[in-house]
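Notes follow the structure.
The values are calculated or read from the model by the stated rules, or taken from the named source; none is laboratory data. From a predicted model like this one, the values you see are computed outputs, not experimental measurements. Cβ: placed from backbone, ideal geometry, glycine included. Neighbour counts: every protein chain shown. Remember, those area values only see protein heavy atoms, side chains included, never the ligands or the DNA or RNA. Shrake-Rupley method; radii C 1.70, N 1.55, O 1.52, S 1.80 Å.
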Amino acid sequence: MNYVSHATCMICGKTYLKDQFDYICPDHGTEGILDIQYDYDAIKKDFSKAALAASPDPSIFRYRPLLPVEHDALAPTMVVGNSPLLQFDILGKELGVHRLFIKDDGRLPTASFKDRASTIAVVKAQEQKAGVITTASTGNAAAALSGICASVGQKNVIFVPASAPRAKLAQLLMFGSIVILVDGTYDDAFELCLLAADEYGWYNRNTGYNPYMTEGKKTCAFEICEQLCWQAPDAIFVSVGDGCIIGGIHKGLKDLLALGWIDKMPRLYGVQAEGSSYMAQAWREGGDIVTKPPIAAQTVADSISAGLPRDRIKALHAVKDTNGAYLSVSDDDIIRAIPDLARKTGIFAEPAGAATWAGLQKAASEGLLHPSETVVMINTGSGLKDINSAMDAVGRVGLQSFKVEPTLENFKKIASQLNL
Ligand SMILES: *Cc1c(COP(=O)(O)O)cnc(C)c1O
Ligand SMILES: [Zn+2]
């Protein structure tokens, strides 16, 4: 039993009862993304902020009544959730806002935000007694699925572009996944994975296809609001590739509003790389997001490289319905934002996480933020995921280290040059 009432197609609005859908609304090919709906009245009766405050469970399953999993379903062994929400006063002042927080999801178990979704996928697959789970991924969704599967002994097959960063590939191989390197883009890997899942009857975790991934990702919004003692922030910034994260954040906030646990909807800001800015274009230009053709995506921020954002309908709503905005930043801005964020906060982000920092600074300089506001930025992935980009940044901004022959005399020469 759970509190899911039905699912609604984001394109045609058709509703499906709990057991009447697999993944999508079949009337629109693979585009008919569903939105899971809950019986909030029933949830209100059984769930409260007080119950939550008393819960010893640090994982996202502390919000179980708001999740699409059976109430007695076993949570995976790997604990996902409760990433820190860190406050930075000096940096907030520099940006001209009242309070600035960074939600550091680089500290989740496999070092990216994607753990939130993959843990739900594993529970849903096990509810269905699936033999194999599969996903396509630019790397992080795969690493998340791979690690969580390893924690429960679940077989999985992963499709990633052959160009995925080595650290992400290392995670997949270490965790024992069957790794298929696709000679092509993420979009190619996605199509191939859908075909393979269909052919072999595997459980399909794909982003923007499996509607439950939004439900996992929304837990970040729950945590942010709970960590802020249920005072919703004024604005939340996150980077956008397929658009599932920003759609998930929006969904989590809508859930909390429906329960009356928060009293306002924050503005949501999506940050994209200039070379992969489908959503930013769509938001600026208007027009039909369902039929807007793919773009050729190219950016150093591999995690937000998506020529055809699979969750674009939800991603557009997230920004439009909250009076937010889409911003795009150059690859050079993204690379430079890695060391800038790291030295100002102690948070080492991968390019897709640093992009959000670049976008937040841009928003501040464009006057999109107010001095009385509380702003949250989400770091979606750890910098250790992509050392090549980090070292590129080191060169680009002129960070140095100093070589020395191992004698004190030699060290002293350098020390005096450095005024130590
Ligand atoms: C997946 C990912 C994103 C973007 O999420 P979407 O749902 O694809 O928009 C951003 N940052 C990191 C590190 C990611 O892994
Ligand atoms: Zn439909």
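Observations on the structure shown:
- Each part reduced to its alpha carbon centroid, the stretch 95-115 and the stretch 332-403 end up 12 Å apart.
- Largest to smallest principal axis extent of the C-alpha atoms in the chain, angstrom: 75, 48, 47
- Backbone N atoms of the stretch 328-358 closer than 20 Å to the 7 Å Cα→Cβ label point of S401 belong to residues 336, 338-344, 346-351.
- Annotation for the stretch 186-295: chymotrypsin sites (Phe, Trp or Tyr not before Pro) lying in DSSP loop with at most 15 further Cβ atoms inside 10 Å of their Cβ are W230.
- Angle in degrees between helix 387-396 and the longest Cα principal axis of the chain, rounded to the nearest 10: 40
- Loop-located trypsin sites (Lys or Arg not before Pro) in the stretch 68-147, at most 15 other Cβ atoms within 10 Å (DSSP): K129
- Segment L257-L368, extension gain: residue separation times 0.36 nm, minus the distance between their alpha carbons: 37.6 nm
- Relative to the longest principal axis of the Cα atoms of the chain, helix 244-259 runs at roughly 60 degrees.
- Figure note: F159, F88 ranked by solvent-accessible area, largest first, 1.4 Å probe, ligands and nucleic acids not counted: F88, F159.
- Value in Å of the Kirkwood radius, where the stretch 103-186 supplies the Cα pairs that are averaged: 12.6
- Computed over the stretch 285-374, relative contact order equals 25 percent, with contacts defined as Cα pairs under 8 Å that lie 6+ residues apart.
- 26 Å tail of the calculated P(r), the stretch 275-420, as % of Cα pairs: 40
- For the stretch 171-226, a Kirkwood hydrodynamic radius built from all Cα pairs, placed in the Stokes-Einstein relation at 10 °C and 1.306 mPa s, yields a translational diffusion coefficient of 117 µm²/s.
- Two-decimal Rg to Rh for the stretch 344-420 - Kirkwood Rh, Cα set: 1.17
- Under 13 Å, Cβ to Cβ, from Y203 - net charge with Lys/Arg +1 and Asp/Glu -1: +1
- Counting only protein heavy atoms and a probe of 1.4 Å, the accessible surface of the chain is 52% carbon and sulfur.
- Evaluating 6.51 cos²θ - 1.76 cosθ + 1.60 at θ = phi - 60° for every residue in the stretch 78-89, the Karplus couplings come out as 5, 8, 10, x, 6, 6, x, 10, 9, 9, 10, 6 Hz, glycine and proline recorded as x.
- At R0 = 35 Å, FRET efficiency that the Cβ-Cβ distance of Y200 and D72 yields, to 0.05: 0.75
- In Å², nearest 10: area of H370 left accessible to a 1.4 Å probe: 100
- Beta bridges by DSSP in the chain, antiparallel share as percent, to the nearest 5: 30
- For the chain, the longest principal axis of the Cα atoms and the long axis of helix 408-417 meet at an angle of about 80 degrees.
- Extension gain, V290 to L420, is 40.8 nm, computed as 0.36 nm per intervening residue step minus the present C-alpha separation.
- Accessible area per residue, Å², the chain with all protein chains present, probe 1.4 Å: 41
- Relative contact order of the chain, defined on C-alpha pairs under 8 angstrom at six or more residues apart (%): 16
- Separation of alpha-carbon centers, the stretch 4-52 and the stretch 247-289, rounded to whole Å: 19
- Our estimate of slack between Q231 and M1, defined as 0.36 nm per intervening residue step minus the Cα-Cα distance, is 79.7 nm.
- Over the stretch 223-291, the fraction of Cα-Cα pairs per 5 Å bin, rounded to whole percents and listed from the shortest bin up, is 3, 15, 23, 22, 15, 11, 8, 2, 0.
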